[in-house]
1. What's the lysine pair count for the chain at a Cα cut-off below 19 Å, pairs eight or more apart or interchain?
2. State which helices in the chain qualify, where a helix is a whole DSSP H run, it must extend 20 Å or more along its own axis by its Cα atoms, and its mean Kyte-Doolittle hydropathy must be at least -1.0.
3. Please work out the Cα convex hull volume for segment 96-207 and give it in Å³ per residue.
4. Would you please give the residues with an amide H less than 5 Å from that of L116, counting only those at least 5 places away or on a separate chain, with H modeled from the backbone geometry?
5. Provide the per-residue ³J(HN,Hα) series for segment 92-105, in order, calculated from phi with Karplus coefficients 6.51, -1.76, 1.60 and θ = phi - 60°, each as a whole number of Hz, with x at glycine and proline positions.
6. Which residue, A201, A61, A74, tops the fluctuation ranking in a GNM of the chain built on C-alpha contacts under 10 Å?
7. To one decimal place, what Kirkwood hydrodynamic radius in Å is obtained for segment 54-162 from all pairs of distinct Cα atoms?
8. Compare E27, E88, E105 in a GNM of the chain, Cα atoms joined below 10 Å, and give the one with the largest fluctuation.
Amino acid sequence: IYDRSVPADVGSCLHSGYQKYIETGDEKQAIWSMMLDYPIDLNSNPMHDRSVEACYSTLNAMFSSQTLTNYEIAQIECLDGVIRPAIEVPFIITIKNFELINGQEIVIQYRGFIDLILFNKITGEYVVIDIKTHRDNSKDLSAKFRFHEQCVPYAILLERILNNPIDALTIKYMSTFVDIKVPKIQIYTFQKSATDVVDWAKGIHWRLSLIKKAL
């Protein structure tokens with residue numbers, strides 16, 4: 001359960017459309033998927049900066065982006081044994097035996113979804129794609145994504161999926177400026193190292209310690 005908003009739901013509908021395109025290569029199916037998920041009950045104003053018309057224009061710009069050539073969708077084996085394309089992959093990271101108060105131990109769960117996991121057909125590398133929709137028209141958003149922590153734990157998950165240690169994980173942030181006239185798609189690529197994962201884990205422990213002190 002989450003608080004709905006036009007920016008959040010528009011982001012979800014563009015995720016849905018682009019993921020369908022990556023999966024099928026069919027623009028019509030992708031547009032239909034986006035349209036079905038658009039929050040028309042929250043916003044039916046065609047002049048809104050995140051209108052359905054703006055989403056249509058933006059999705060077409062995502063189609064035209066040639067930055068993901070030579071990649072295909074990774075296939076992963078799920079817990080039920082079924083092989084599925086790595087699209088909107090759900091995950092849970094469980095932290096056990098954290099003492100909250102008076103010796104009481106609780107289980108902490110970090111939940112989320114990985115937008116896309118792609119496989120480079122030439123290099124054999126696995127790459128995580130994180131789609132970021134926004135209305136920030138700055139020329140360069142690299143600093144914003146360079147230090148973004150959300151994707152760091154994906155390295156842990158990819159190790160589990162591949163059943164093989166990885167030294168670094170390539171994250172491609174698909175920066176998507178939503179606009180009806182001039183949508184803009186930029187890809188920012190960064191490496192997340194084992195040190196980044198350790199720092200992320202330390203940060204989680206620090207936040208939990210702050211919660212413990214506040215109780």
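Any read-out appearing in this document is the output of simple, stated calculations on the displayed coordinates, not a laboratory observation. This structure is a prediction, so every number in the text was calculated from the model and none was measured. Cβ sites come from the backbone with ideal geometry, for glycine too, and all protein chains shown count toward neighbours.
1. Qualifying lysine pairs in the chain: 23.
2. Details: long enough: 6-24 (27 Å, -0.21); 194-214 (31 Å, 0.01).
Membrane-span-like by this criterion, though nothing is claimed about a membrane: 6-24, 194-214.
3. Output value, Cα hull per residue: 144 Å³.
4. Counting only residues 5 or more places away or on other chains, the set is E88, I129.
5. The phi angles translate into 9, 9, 9, 10, 9, 6, 8, 7, 8, 7, 6, x, 6, 9 Hz.
6. Answer for the Gaussian network model of the chain: A201.
7. Hydrodynamic radius (Kirkwood, Cα pairs) of segment 54-162 is 16.9 Å.
8. Sorting by GNM fluctuation, first place goes to E105.
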